Amino acid sequence: MFRPVRTNRVSAEIVQQIEAAIESGHLEVGDRLPTERDLTERFGVSRVTVRDALRILEATGLVEVRMGARGGAFVTAPQPDRLGQNLGRMLQLSAVEPWELEETRSRIELTILDLAVERATEEDFAALREICDRTEEAIAAGAYHPRLSAEFHVRLAGSAHNLAMTLLFDSLHGAILLNLLRARATDPKHGPRGLSEHRALIEAIERRDRAGARAVLAEHLERTAHRIRSRPRQDLRQAVG
């Protein structure tokens with residue numbers, strides 16, 4: 001599976017070979033990698049180099065290093081929150097404009113909503129209402145934070161019961177939260193108004209009212225997008241510190 005490495009970027013080539021083994025199916029989620037000693041022999045490198053490579057793989061979420069007698073390096077699936085954090089940083093630091101993110105989010109979430117109207121269960125409704133209740137309590141206590149709104153939208157995506165879409169939307173969590181923070185900085189009433197729209201959206205989905213649900217969500221998303229478009233990128237960056 002592996003061959004000795006002979007480049008100046010030794011740890012990077014080790015990472016590439018292990019990634020290739022995972023992508024080709026030679027290694028699957030849950031599989032344990034060979035021991036450090038075995039890897040040093042197969043790659044023809046030092047243990048320090050192998051450990052550097054494993055740290056890189058662990059940071060990307062492809063490998064989980066466990067301690068103990070049954071420990072070792074195991075192949076794992078990257079978690080959406082890790083991807084979301086990286087995506088959020090990339091969007092914040094790159095040339096992508098905040099309004100472009102909102103435009104993308106709107107297209108994705110409206111598609112997700114169509115499926116949620118068809119598939120949402122009583123468990124989904126209960127979970128969404130529980131988030132709304134916590135939001136209401138936070139607003140009353142003067143402790144509201146936009147992460148509650150982001151949590152609502154991620155949970156709504158789960159109500160579509162399409163794992164691919166759920167993972168895709170979940171990966172946007174960090175970037176969405178960043179834009180919600182920007183929107184709140186331009187509109188102090190963002191929390192209470194958003195809560196009202198969240199509750200109206202739940203009711204429309206429960207009625208299986210696709211047109212009504214889309215109308216509520218479209219207005220909800222457009223209000224955030226308008227706040228984002230109304231201020232220059234530099235002002236928005238300052239708004240979230």
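For this structure, a couple of remarks:
- When L167 is tested against (1) on the phi > 0 side of the Ramachandran plot; (2) outside any loop (DSSP other than H, G, I, E, B), only condition (1) is not met.
- Region 132-152, residues that are out of contact with any His (no Cβ under 8 Å at 6 or more places or on another chain) and outside any loop (DSSP other than H, G, I, E, B): D133, R134, E136, E137, I139, A140, R147, L148, E151
- Here region 225-241 is the region considered, the condition is being basic (K, R) and at pLDDT below 80, and the residue that is nearest to E100 (Cα to Cα) is R229.
- Scanning region 209-219 for residues that are of a type in the set (G, A, S) and crowded, with 16+ Cβ neighbours inside 10 Å, we see that the one that is farthest from E197 (Cα to Cα) is G212.
- Taking region 17-31 as the range and being surrounded by fewer than 14 Cβ atoms within 10 Å (Cβ to Cβ) and on the phi < 0 side of the Ramachandran plot as the test, the residues that pass are A20, E23, S24, H26, E28, V29, D31.
- One residue alone among E123, E222 is surrounded by fewer than 14 Cβ atoms within 10 Å (Cβ to Cβ), at pLDDT below 95 and part of a helix (DSSP H, G or I), and that residue is E222.
The values are calculated or read from the model by the stated rules, or taken from the named source; none is laboratory data. Since the model is a prediction, treat every value here as computed from it, not as a measurement. Note that we place each Cβ from the backbone using ideal geometry, even for glycine, and neighbour counts take in every protein chain shown.
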